[in-house]
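FYI, it's all coordinate maths here, none of it is from the lab. Nothing here was measured: the structure is a model prediction, and the numbers come from that model. Cβ placement follows ideal geometry from the backbone for every residue including glycine, while neighbour counts extend to all protein chains displayed.
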Amino acid sequence: MEKEWKRVDLITPDAGFFRSPATRLAPALIGCLLRRVTPEGIISGVIVETEAYTSDDPASHSFGGETSRNWPMFRGGGLAYVYLIYGIHNCFNVTSGVPGSGEAVLVRALEPCRGTGLMMDNRGLREPELLCSGPGRLCQAMGIDRSMNGSSLLHGELQVLLPSGTERPPISVSGRIGISRARELQRRFVLSGSRWISGRR
DNA sequence: CCGAGGATCATCT
DNA sequence: GATGATCCTCGGT
């Protein structure tokens, strides 16, 4: 039996979903669906790992104010912020907060849901192992690149959908991964017990 | 203009 | 555990 999903609606009580602060949106995104509509078919995965970044956070791209790179973080919640890291990998964020706040949530891992074959093709893999377990890996699997930077996630080819139910999944909190500053902040959120999160096993 | 370093990953020892 | 790949942003001059 397949789970049901609903669009974030601008005129219902979901209106404030993306406008909430990153520290609240990051756990709220756990269990949501990230979906891309491609000419070849639909690709989707359930978000199982996120990190929150805010403008008062030395580890955040927005810490020094708005720049030509981080501008989507300053345009309010519900946009894609995609940037290149180490010259090779893309990282995908969901912007959050109100315009000017400089906040985003890094999506670090997905549990593959639909279009697994397409994702494996994109990654050059023959097994779903490590398919979307890491920010670079999930972008490669989903076909997310910087051409989608700044695009709306409410409608369009890349979307975030909410679970139709109201039950909250169990979430574990920890320090963030791969940063040198503000390691102590507890701003990494994972779906408890998920085997799809990033990092070593 | 220049140089350092980065919200990573695959591969090697 | 260590390393190389590879590019762009951003701060300093």
Report, in deg cm²/dmol and to the nearest 500, the calculated mean residue ellipticity at 222 nm for chain A, where each DSSP H run with n ≥ 4 adds -39500 (n - 2.57) and the sum is divided by the residue count.
-3000 deg cm²/dmol
Among A:118-127, A:6-15, what's the highest-first ranking by average C-beta atoms within 10 angstrom per residue?
A:118-127, A:6-15
Mind running the shape call on the range A:89-201? Use the C-alpha gyration tensor, a ≥ b ≥ c as the square roots of the eigenvalues: rounded below 1.5 for a/c, prolate if a/b tops b/c, oblate otherwise.
rounded
Over the range A:126-201, relative contact order from alpha-carbon pairs under 8 Å, at least 6 apart, %:
28
For the pair A:GLU66 and A:THR166, the simple spin-label estimate (label points 7 Å beyond Cα toward Cβ) gives in nm 3.8
Neighbour-count ranking [beta-carbon atoms within 10 angstrom, fewest first] of A:ILE42, A:ILE88:
A:ILE88, A:ILE42
HN-Hα J couplings of the range A:76-88 from phi, Karplus 6.51/-1.76/1.60, θ = phi - 60°, integer Hz, Gly and Pro as x?
x, x, x, 10, 7, 10, 10, 9, 8, 10, 6, x, 10
Considering only the other residues whose Cβ falls under 11 Å of the Cβ of A:ARG176, what net charge follows from Lys and Arg at +1 and Asp and Glu at -1?
+1
Treat the count of other C-beta atoms within 10 Å as a stand-in for reagent exposure and order A:TYR83, A:TYR53 from fewest to most.
A:TYR83, A:TYR53
Using Cα centres only, tell me the gap between the range A:160-201 and the range A:1-57 in whole Å.
13
Among A:CYS139, A:CYS32, A:CYS113, the residue with the largest mean-square fluctuation in a Gaussian network model of chain A built from Cα contacts under 10 Å is A:CYS113
Give me the orientation-averaged projected area of the Cα convex hull of chain A, in nm², one decimal.
11.2
Evaluate the relative contact order of the range A:2-191 (contact order divided by residue number), counting alpha-carbon pairs under 8 angstrom at least 6 apart; express in whole percent.
28
